[in-house]
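Worksheet for the structure shown next.
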Amino acid sequence: MKKFLSSKLFRAIWSLGLAALLYYVCPPCFSKTTLAIVLGILVILVNSSPLLAKAPIITHVSRFLVGGLFIFSGFIKANDPLGFSYKLKEYFEVFKEDSGLGIFESFAHIALPLAILLCVSEMALGFMLLVGYRKNLTLGLLLTQISFFTFLTFYSACFNKVTTCGCFGDFLVLKPWESFWKDIVLLILITLLYAGKESINELFSPLLTITFTIIAIVLSVLFPIHTYRNLPVFDFRAYKIGDNIKKNMEPGAGYEPAKYESMLVYKNLKTGESKEFSNEEYNRLKIWEDTLTWKWEATNNKLIHDAINPPKIVDFSITSLDGYDLKDSVLNNKDYMFLLICWDLTQTDDDETLHAKMNDLYKLASSDKIKILALTQNDAKMIDEYKHKHQALYDFANADGVVLKTMVRSNPGLILIKDGTIIMNWHHNNFPSYSDVKQKYMK
C-alpha cells in the first residue's frame, strides 16, 4: 500500500480527482474555461517531476521568486501588524455573516495574534525555502498558506465582500481579482517546487543552515512585535509624517470619477434563470412588454471603471458633539495643534500613568494656547464616562472609526499638526512630554 501511495499512478489519480472536484464546486463567478486551464496546468505540473528533474533551473528560479516574495509580503504586513489585523477581522466578520458559524467570531477576537503569526510564518517560510531548510516541511506549509490566501482572495473577489486584500498593506493596494491572480501564480510556482523538490538543497552546511534559520525566525517574531508596540517603521498611509491632509483630500491631475452603469436584473419565468440587461439592451429588446417571460428582480449598479487619480483621502471629517462641522477649523489652524486619537474608548489603554501624561500635555499646551482635541467614534455618554474616569479636561469631537484607525496605529495615539500638515505622531507607549515636543518640533 505504501508503495502504491507513493506511485505516479496514485499521484495522477488524486490530482485529477481534486481538479475535478474544484471544477465542479467552483461558483459561476469564475469562467469555467479559465478554471479548466488553471487546473490543467496544476495537474500537469504535479505529474511532471521527471521532466523538471532534467531542468533544475526552473526549480531554482521558482524557489527564489517564491522565497523572495513571501519574505517581502510578510515584511510589509509585519511593518503594520495592527493594520493587517483589521483586514483579517474584516474577512472573519464576512465569513461569520455568510456562514452563520460562530467560530469566525472567535477568530475575529484573536485577529491581532493571528496577523502576527501569519507575518512571522511568511517571512520565516520564505527564508527557509531560500536556504533549503527542511524542504518537505517548508513546501507543505507554503502550500497550506497559499491555499488559504487563494481561498480568501477568491471568495472576496467572487462575492465582492472585501474590496482590498491587505496582501502588501498600504504599500501596494490590490483589487480582489488582482490579488487572486497573484495567489494563482504563487500556487503554480509552489506546485513547480513540489514537483522539482529533488533539486532543492541546503545552501550552507547543516549547522549554518539551522543557525541562520533560527536567527531569521527570531527576527521575524521581533519585528512585528516592535512595530505593534510602537508605530510602523515605514508609513505608506495618507496620514504619514510630512503629508498635508488638505492636499491629500484633493484629486490628482486628470481626475475622473468612477463610472457605473445601472443593470436591470430580470428572471426568466420559463427557465428560472436570472439575467442582467443594460439600459440599451432593455430598451432594444423591449423586455417590459414580455411579461409572460420576464419578471423584474433587482437593479444593480455595475462598476465600469474605477476613479482615475482620485483623492487619497475621501472620508475625513470632524464633528463637534453638538453636530457642528469642525474639519475646516482644524485643518486651517495656522498654529500647532494636537489631535489625540482615541478611536474606541472601550479599547483605549487604561494605564493611569499614560493618562496622567495626557492630562499634563493638555495643561502645559493650554498654557501656551496650543489646542488639543480628542477624536473618537463613541457617543457623548461614553465620552462623559471616560472623562470622569480619567479626569480628562480636553475636549472631544467625533470622527469615523475607520479613519481614526488609519490616522495612527495606536489607541490612544497622538498627532501634531499645523495648517493641515502632519508634523509628528506618537504611539501611546512613546507618549511625549510637552517640553520635548516644543523643543524638537515647534519651531
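Can you name every residue in the range 304-313 that is in a strand (DSSP E or B) and either more than 13 Å from Glu256 (Cβ to Cβ) or in contact with a Cys (Cβ under 9 Å, 6 or more places away or on another chain) (or both)?
Across the range 304-313, there are no qualifying residues.
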Please go through (1) surrounded by 14 or more Cβ atoms within 10 Å (Cβ to Cβ); (2) at pLDDT 85 or above for Ile287 and return the number of the only condition it doesn't satisfy. (2)
Residue in the range 194-213 that is of a type in the set (Lys, Arg), within 30 Å of Ser49 (Cα to Cα) and under 27 Å from the mean Cα position of the chain (by Cα) present: no
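Each row is one residue, and each column tells you yes or no for (1) on the phi > 0 side of the Ramachandran plot; (2) out of contact with any helix residue (DSSP H, G or I) (no Cβ under 9 Å at 6 or more places or on another chain); (3) among the hydroxyl-bearing types (Ser, Thr, Tyr).
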site: Asn333; (1), (2), (3): no, yes, no
site: Trp343; (1), (2), (3): no, no, no
site: Ser366; (1), (2), (3): no, yes, yes
site: Lys387; (1), (2), (3): no, yes, no
site: Ala399; (1), (2), (3): no, no, no
Does Asp183 satisfy the condition of being outside any helix (DSSP H, G or I) and either among the acidic types (Asp, Glu) or without any contact (Cβ under 8 Å) to a residue 12 or more places away in the chain (or both)? no
Has the range 75-97 got any residue that is within 28 Å of the chain's Cα centre (by Cα), surrounded by 19 or more Cβ atoms within 10 Å (Cβ to Cβ) and hydroxyl-bearing (Ser, Thr, Tyr)? yes
Failed condition for Asn425, given (1) crowded, with 21+ Cβ neighbours inside 10 Å; (2) closer than 19 Å to Asn359 by Cβ: (2)
Is it the case that some residue within the range 333-349 is modelled with pLDDT of 90 or more, over 25 Å from the mean Cα position of the chain (by Cα), closer than 25 Å to Trp426 by Cα and of a type in the set (Val, Ile, Thr)? no
Qualifying residue in the range 393-408 (condition: surrounded by 15 or more Cβ atoms within 10 Å (Cβ to Cβ), hydroxyl-bearing (Ser, Thr, Tyr) and over 24 Å from the mean Cα position of the chain (by Cα)): yes
Counted residues in the range 428-443 being surrounded by 13 or more Cβ atoms within 10 Å (Cβ to Cβ), farther than 13 Å from Pro412 by Cβ and of a type outside the set (D, E, K, R) come to 4
Cβ contacts < 7 Å: first residue in contact (Cβ under 8 Å) with a residue 12 or more places away in the chain and part of a loop (DSSP other than H, G, I, E, B), restricted to the range 45-64; second residue surrounded by 13 or more Cβ atoms within 10 Å (Cβ to Cβ) and hydroxyl-bearing (Ser, Thr, Tyr), any location; separation 6+ or different chain. Result? Asn47/Ser15
Hey, Ala374 hits all of (1) surrounded by fewer than 19 Cβ atoms within 10 Å (Cβ to Cβ); (2) without any contact (Cβ under 8 Å) to a residue 40 or more places away in the chain but one; which does it fall short on? (1)
How many of the residues making up the range 334-348 are in a loop (DSSP other than H, G, I, E, B) and either in the same structural domain as Leu264 (by TED's automatic domain parsing) or over 17 Å from Phe396 (Cβ atoms) (or both)? 2
Filtering the range 400-443 down to residues that are part of a helix (DSSP H, G or I), touching a residue at least 40 places away in the same chain (Cβ under 8 Å) and charged (D, E, K, R) yields Lys405, Lys438
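One line per residue, one yes/no per condition, for (1) touching a Phe, Trp or Tyr at 6+ places or on another chain (Cβ under 9 Å); (2) farther than 23 Å from Lys197 by Cα:
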residue: Gly68; (1), (2): no, no
residue: Lys77; (1), (2): yes, yes
residue: Glu97; (1), (2): yes, yes
residue: Gly102; (1), (2): no, yes
residue: Glu105; (1), (2): yes, yes
residue: Leu114; (1), (2): yes, yes
residue: Leu129; (1), (2): yes, no
residue: Tyr133; (1), (2): yes, no
residue: Leu137; (1), (2): no, no
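Out of the residues in the range 153-185 that are among the aliphatic types (A, V, I, L, M) and modelled with pLDDT of 85 or more, which is surrounded by the fewest Cβ atoms within 10 Å (Cβ to Cβ)?
The residue in question is Val185.
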Filter the range 1-44 for residues that are in contact (Cβ under 8 Å) with a residue 24 or more places away in the chain and in contact with a Cys (Cβ under 8 Å, 6 or more places away or on another chain); the one that is farthest from Phe180 (Cα to Cα) is Pro27
Can you go through Tyr194, Tyr133 and tell me which one is buried (at least 17 other Cβ atoms within 10 Å of the Cβ), touching a residue at least 60 places away in the same chain (Cβ under 8 Å), in contact with a helix residue (DSSP H, G or I) (Cβ under 6 Å, 6 or more places away or on another chain) and not in a helix (DSSP H, G or I)? Tyr133
If I ask for residues that are assigned to a strand (DSSP E or B) and charged (D, E, K, R), which ones from the range 286-301 would you list? Lys295, Glu297
Residue count, the range 14-28, condition part of a loop (DSSP other than H, G, I, E, B) and surrounded by 12 or more Cβ atoms within 10 Å (Cβ to Cβ), comes to 1
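The values are calculated or read from the model by the stated rules, or taken from the named source; none is laboratory data. What you are looking at is a predicted structure, and each value in this text was computed from that prediction instead of being measured. Every residue, glycine as well, gets a Cβ built from its backbone with ideal geometry; the counts of neighbours run over all protein chains shown.
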